[in-house]
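Peer 1: Handing you a structure now.
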Amino acid sequence: MDVSPFEFQGPVPPDRFQGRDDLIADLTRRVTERRVTALLGPRRFGKTSVLQRLAADLTETATVYVDLYGVQTMADVATRLDRALVRSDGPFATSAGSIAATVGIDLGLVNAEFAKPRREQPDAATRLTQLLDVFLETAARVPALLVIDEFSDIGRVDNAAALLRTQLQHHYRDVGLLFAGSHPSTMRQMFTDREQPFYGQADIVVIGPLAAATLHAIIHDGFATTGRDAGSVVSHIHHLAAGHPQRSMFLADAAWRHTPRGVTADDHWPEALAAARAQIDVFMPAIHDEFTVSEQRLLRVLAHGQPPYGAKAEQLGLTPGSATNARKQLTHRGHLNDDGSLVDPLFADWFRRTLPLA
Ligand SMILES: Nc1ncnc2c1ncn2[C@@H]1O[C@H](COP(=O)(O)OP(=O)(O)OP(=O)(O)O)[C@@H](O)[C@H]1O
Ligand SMILES: [Mg+2]
């Protein structure tokens, strides 16, 4: 059975990952030089894929990959680190397991400790501190890189960022440290505020859209290896998705599904696009409804390529004050790029199709 070569749900596995050579080389150099690094970018731009590919490439270094998505408590943070230590490369995990045992921690079972009645639970901050010590002690024996993905979510847990800083700031020369996250504004605030101890000193690396040449290679390869011809569909995709990685792959997948073996994708692009849009149309209204009225108006104006303070904005009842405020909010929450364009090009496409401007 033919399987689509275009991944658009979750990270691209390292063995199928293509492109981003310069970014990977840049990150490799920084973590090898032990520079504390923060990888910033919008949602679904391929941060996790890059981190996993980097980990796969660094064969001499064990990667401990911590995902902080959705953490709400110190116990959550401790549990995620525990899980990451257990899942790290064999020798590192084994060594970490024995070091943890010396302080009475069963690696991999920290989650169970926090499921016990409250009075039997360990103090979460103490557990986290101990686990960080376990990591650092193990890293002194086995070269390691600590990757913390979705780092911005740590902001929801009081004192967690400070605790991490206290533990890590004197050791950053001994281990690689790489933070990644979306909500670029939150990440940027944290990592570019030079007053912020430790985090403010990090190197910032931004992940941008996929280059046209990369997209071309990925899509042509994907079609060719499955007996199809991508024809000129790449330019349609690039035109619509503007290098947004997940959106580009979503459209490439739609094009591929509508192209039988031995056929050129161009012949079927109109049906593919209609099917992709139909899928988008199912959930966009619910997403749209989550925004305030001013935000909806601003998104609409910007999706049409109009300025936030022009005649069209005024026509929609968007005052300059509410436009400024909405823009700040939407940028902060990762819906708008700094240049005022929508991060999700298919959301912009939805606005243009559903809510035209007179
Ligand atoms: N190098 C790449 N080549 C092709 N597509 C890619 C690449 N990197 C990412 N993508 C596309 O982007 C999607 C999201 O990738 P990934 O989960 O790594 O992004 P992310 O920035 O970590 O997202 P999130 O913000 O949801 O955590 C993938 O499913 C894939 O469609
Ligand atoms: Mg991710």
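Peer 1: Kindly establish whether Val3 is part of a loop (DSSP other than H, G, I, E, B) and either surrounded by 22 or more Cβ atoms within 10 Å (Cβ to Cβ) or of a type in the set (A, V, I, L, M) (or both).
Peer 2: Working: part of a loop (DSSP other than H, G, I, E, B): yes; either surrounded by 22 or more Cβ atoms within 10 Å (Cβ to Cβ) or of a type in the set (A, V, I, L, M) (or both): yes.
Yes: the conditions hold for Val3.
Peer 1: Among the residues of segment 53-66 satisfying the criterion of being open to solvent by 60 Å² or more (accessible area, probe 1.4 Å) and not in a loop (DSSP other than H, G, I, E, B), which is farthest from Asp149 (Cα to Cα)? Steps first, please.
Peer 2: First, pick out the residues of segment 53-66 that are open to solvent by 60 Å² or more (accessible area, probe 1.4 Å): 53, 57, 59-60, 65.
Still in the running and not in a loop (DSSP other than H, G, I, E, B): 53, 57, 65.
Details: Arg53: 14, Asp57: 18, Tyr65: 7 Å.
Among those residues, the one meeting the criterion is Asp57.
Peer 1: Please go through segment 85-109 and give me each residue that is closer than 15 Å to Val147 by Cβ and of a type in the set (Asp, Glu), ordered by number.
Peer 2: If the condition is that a residue be closer than 15 Å to Val147 by Cβ and of a type in the set (Asp, Glu), then Asp89 is the only one that fits.
Peer 1: Given the conditions (1) assigned to a helix (DSSP H, G or I); (2) away from ligand 1 (no atom under 12 Å from the Cβ); (3) open to solvent by less than 10 Å² (accessible area, probe 1.4 Å), which single one is not true for Leu240?
Peer 2: Every condition holds for Leu240 apart from (3).
Peer 1: Restricting attention to segment 115-136, report how many residues are without any contact (Cβ under 8 Å) to a residue 40 or more places away in the chain and either out of contact with any helix residue (DSSP H, G or I) (no Cβ under 9 Å at 6 or more places or on another chain) or outside any loop (DSSP other than H, G, I, E, B) (or both).
Peer 2: 11
Peer 1: Quick test for you: out of Ala100, Ala25, pick the one residue that is in contact (Cβ under 8 Å) with a residue 12 or more places away in the chain and either hydrophobic (A, V, I, L, M, F, W, C) or open to solvent by less than 60 Å² (accessible area, probe 1.4 Å) (or both).
Peer 2: Of Ala100, Ala25, the one residue that is in contact (Cβ under 8 Å) with a residue 12 or more places away in the chain and either hydrophobic (A, V, I, L, M, F, W, C) or open to solvent by less than 60 Å² (accessible area, probe 1.4 Å) (or both) is Ala100.
Peer 1: Looking at Ala272, Ala252, which one is touching a residue at least 40 places away in the same chain (Cβ under 8 Å) and either crowded, with 18+ Cβ neighbours inside 10 Å or not in a helix (DSSP H, G or I) (or both)?
Peer 2: Ala252
Peer 1: Moving to a separate point now. Return the residues of segment 169-215 that are open to solvent by 10 Å² or more (accessible area, probe 1.4 Å), more than 22 Å from Pro11 (Cβ to Cβ) and touching a Phe, Trp or Tyr at 6+ places or on another chain (Cβ under 7 Å); say none if nothing qualifies.
Peer 2: Gln169, Met190
Peer 1: Against the condition of a type in the set (Val, Ile, Thr), within 27 Å of Thr28 (Cα to Cα) and in contact (Cβ under 8 Å) with a residue 12 or more places away in the chain, how does Val147 come out, does it pass?
Peer 2: yes
Peer 1: Which of the residues that make up segment 57-82 are within 16 Å of ligand 2 (Cβ to nearest atom) and either in contact (Cβ under 8 Å) with a residue 24 or more places away in the chain or on the phi > 0 side of the Ramachandran plot (or both)?
Peer 2: First, pick out the residues of segment 57-82 that are within 16 Å of ligand 2 (Cβ to nearest atom): 63, 65-71, 80.
Listed by number, the residues that qualify are Thr63, Tyr65, Val66, Asp67, Leu68, Tyr69, Gly70, Val71.
Peer 1: Confirm whether Ile218 is modelled with pLDDT of 95 or more, surrounded by 22 or more Cβ atoms within 10 Å (Cβ to Cβ) and over 19 Å from the mean Cα position of the chain (by Cα). Show your work before the answer.
Peer 2: On the way: modelled with pLDDT of 95 or more: yes; surrounded by 22 or more Cβ atoms within 10 Å (Cβ to Cβ): yes; over 19 Å from the mean Cα position of the chain (by Cα): yes.
So Ile218 passes the test.
The values are calculated or read from the model by the stated rules, or taken from the named source; none is laboratory data. Note that the structure is a prediction, hence the values are computed from the model and not measured. All Cβ positions, glycine included, derive from the backbone under ideal geometry; neighbour counts span all protein chains shown. Please note that ligands, DNA and RNA were not included when accessible areas were found on the heavy atoms of the full protein model with its side chains. Shrake-Rupley method; radii C 1.70, N 1.55, O 1.52, S 1.80 Å.
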